[in-house]
Amino acid sequence: MSQPVSRPLAGPLPVSEDTTTPPETTRRVFGSIRAGGASSPGGRTATRASARRRELAAAATLMTPFYVLLVTVFLIPVGTAVWLSFFGDDQPGLGFGPERTVFVGLRSYAAVLTDPTFLGSLGTVVLYCVVYIPLMVIGALALALLLDSGVVRLRSWAQLGLFLPHAVPGIIAALIWLYLYTPGISPVIELFAKADITIDFLGVHTVLPSIVNIALWSNLGYNMVIFYAALQAVPREVIEASVVDGAGPVRTALQVKTPLVSSSIVMVAMFTLIFALQLFTEPVLLSQSSPMINARFSPSMYIYDAAFTRNNYGLAAAASVILLILTVALSYGVTRWTNRANSAEEAAR
Amino acid sequence: MSALTAPRTAPPRRPHLLGRAVVNLVVGLSVLYTLLPVMWLVLAATKNRDALFRSDLLSLSDFSFAQNLRDVVAMDGGLFSRWYANSLLYAVLGAAIGALVSIACGYAFDKYHFRHKEKLFGLVLAAVMVPQTVLALPLYLMASGVGLVNTFWAVFIPVLFNPFGVYLGRIFSQGYVPDEVLEAARVDGAGELTTYVRVSLRMLGPGLVTVFLFQLTTIWNNFFLPMVMLSDQDLYPVSLGLYAWNSAARVSPEYYPVVITGSLLAVVPLILAFTLLQRFWRSGLTAGAVK
């Protein structure tokens, strides 16, 4: 489901850093001021303890609604998916007896991993990622750098125009492009026909690039805005210093600005990856018009097909867990790899 | 990208004239790439079926936008208005509640100290990574267990969950609400929650709008979950409804103009929201990006 994604921009995720040390001291200072008014000798600690209790109660109140949601629509479902993947329906008595759910161990996993259609869907999504992610990251970054270079006319209009597809829902984007790929309706195909070129956007070799194009169209401007915002935060003195050193605009862009927004690049790459792996909306819609896309084209479509067409919950759950592990492993890999690249760079300095 | 080959000997402050032209050309072509399909949608929505299949979109002779609008509203007994109202309800109400819940939680992460805080926050970050499709089947089974499948709640409750909103809420809270304000309120004897509602939430305004807007987009875009949960067409959001009509169009082509006009109508609310709330989300985005 690589729909326009709702993920505003922010820097690297602060996984374990403790950003909350300074307030502790302020609190102590204020605490003692407040405690100064207390008359009884034990008042000081009592007030502090009750203040602390009040704070904890407030924190709990503010966090409870979210964690109730987290448990019900995230933790329990993930647990259920894992549980389902280890169990299957067994019908004793030649299938005429009552259905029982029994532990089947890794049988569902074995079934998924030896299913050529699942492996095919994995291959498709990997190929899709390999084509789509570099195009997206490089394209969005290049556009942001061009807009940041200060020579573009009507800059804010250009930004608005590039951003517009983000406001088009994924399924509508797929619909628009489906019509632009459909002979008889599409002005694009007609244009090509006038130049004596016949082009089938939904053929064997073109269907994947056609899907990449839809995703690129939807998200390019959005990611450009992320990069642009990060570039705006680069201190102007740094740019000016490189200009004084005699670097041209191209070198400044590639060797000074780009490394400075590397955390945004990592974040965009990671989110693009996570959502690319979920590929669903576009192929499902295109499959209505293209025989090249079957019901198990991507892993998400495979899961949907297994769960709701074939009603094989064990198989669907095992495929889900595999997709989950793949997603977590790859995004972990991306962060690790960039962290190492960053520290290697620091060491080289 | 070809602009990057601009001559390196160019004077640093005033890029070469050719370089300028190439840069503007590349940006201009990119803008055309993003705008033209939307333009096509607008033009196609004004054409009747015959003109659509002749693909002469620029002729004004077959202008039938009003007729198309009437057709969309009348098709299948007014189903489209129903879908539209559903989408608005799912998206506006869901994003409003979801944003408030996420921001409150992010604020608590920023301003309070408690045991296992970073572990709990790690759980939030992990939730960002988990694909929707992995959760769909278990959610379906849970919903059918409590009899909620094919109801409003089956779609509405899961979309409230927005872990990335919590992450943003924490960042916005760090950026917008100084700790001194809280201390001052405590000295004045205000309760913690009163302070949050009366003081902090107001300061978090742009952050709240940003989270709201992006959650609005996600819910409006939502396709997989309704597809799994709903079989009653009266509960469909616009996205799923148009998908259904598009399948029908393969058999009965009179659906084509309705799907196209309906698509155009489905794009309008988000464009309106982004334009009207521009001031907020722009500042919200920059605050997030600087961190």
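What follows is calculated from the coordinates using simple rules that are stated; it is not laboratory data. None of these values were measured; they are calculated from a predicted model. Every residue, glycine as well, gets a Cβ built from its backbone with ideal geometry; the counts of neighbours run over all protein chains shown.
Please average, across the residues of A:146-154, the number of beta carbons from any other chain that are within 10 Å of each residue's own beta carbon, and give a whole number.
Per residue, the average neighbour count from other chains is 6.
Which listed residue (B:V155, B:Y33, B:T217) has the Cα farthest towards the positive end of the charge dipole for chain B, taking +1 on Lys and Arg C-beta and -1 on Asp and Glu C-beta about the Cα centre?
Going by the Cα projections, it comes out as B:Y33.
With the contact rule set at Cα under 8 Å and sequence spacing of 6 or more, what percent relative contact order holds for chain B?
Dividing the mean separation by the residue count of chain B yields 27 percent.
Quick one: among B:G122, B:G205, B:G262, which has the greatest mean-square fluctuation in a GNM of chain B with alpha-carbon springs under 10 angstrom?
B:G122
So how far apart, in nm, are the two label points at B:Q233 and A:V238 if each is 7 Å from Cα heading toward Cβ?
Placing both labels 7 Å along Cα→Cβ, they lie 5.6 nm apart.
Only Lys, Arg, Asp and Glu count, each charged at its Cβ (+1, +1, -1, -1), so figure out the dipole size of region A:117-348 about its Cα centre, rounded to 20 debye.
About 180 debye.
Give the lysines whose C-alpha is closer than 25 Å to that of B:K47, dropping any in the same chain fewer than 8 places away, or say none.
Within the straight-line limit of under 25 Å, B:K47 reaches these lysines: A:K194.
Enter the mean number of other protein chain beta carbons within 10 Å of the beta carbon of each residue in A:324-331, as an integer.
Average per residue, whole number: 2.
Place +1 on the Cβ of every Lys and Arg and -1 on the Cβ of every Asp and Glu in region A:197-349, take the dipole about the Cα centre, and give the residue among A:I199, A:S287, A:W337 whose Cα lies farthest towards its positive end.
My answer, from the dipole projection, is A:W337.
Restricting to DSSP H runs of at least four residues, report the calculated mean residue ellipticity at 222 nm for chain B, -39500 (n - 2.57) per run over all residues, nearest 500 deg cm²/dmol.
Taken over chain B, the calculation gives -22500 deg cm²/dmol.
Using r as the Cβ-Cβ distance of A:F308 and B:V187, and R0 as 56 Å, what FRET efficiency do you calculate, to the nearest 0.05? The partial results should precede the final answer.
Values: r = 58 Å, r/R0 = 1.04.
Between A:F308 and B:V187 the formula returns 0.45.
Pull out the extension gain between B:E254 and B:V268, defined as 0.36 nm times the separation in residues minus the alpha carbon to alpha carbon distance; nm, one decimal. Intermediate results must be reported in sequence, preceding the final value.
Working: separation 14, 0.36 × 14 = 5.04 nm, distance 2.31 nm.
Length gained, B:E254 through B:V268: 2.7 nm.
Which whole number gives the average count of other chain Cβ atoms within 10 Å of the Cβ atoms across peptide A:275-281?
Details: counts 2, 0, 2, 6, 2, 7, 7.
Averaged over the peptide's residues, the number is 4.
Output the DSSP H helices from chain B with an along-axis C-alpha extent of no less than 27 Å and a mean Kyte-Doolittle hydropathy no less than 0.5.
Span-like helices here: B:17-44, B:255-276.
Which part of region B:252-276 falls in the paramagnetic zone of B:R70, meaning amide N under 17 Å from the point 7 Å along Cα-to-beta-carbon?
Zone members listed by number: B:257-258, B:261-262.
Using the Cα centre of region B:173-216 as the reference point, and only Cβ charges (+1 on K/R, -1 on D/E), how large is the resulting charge dipole? Debye, rounded to the nearest 20.
It comes to approximately 220 debye.
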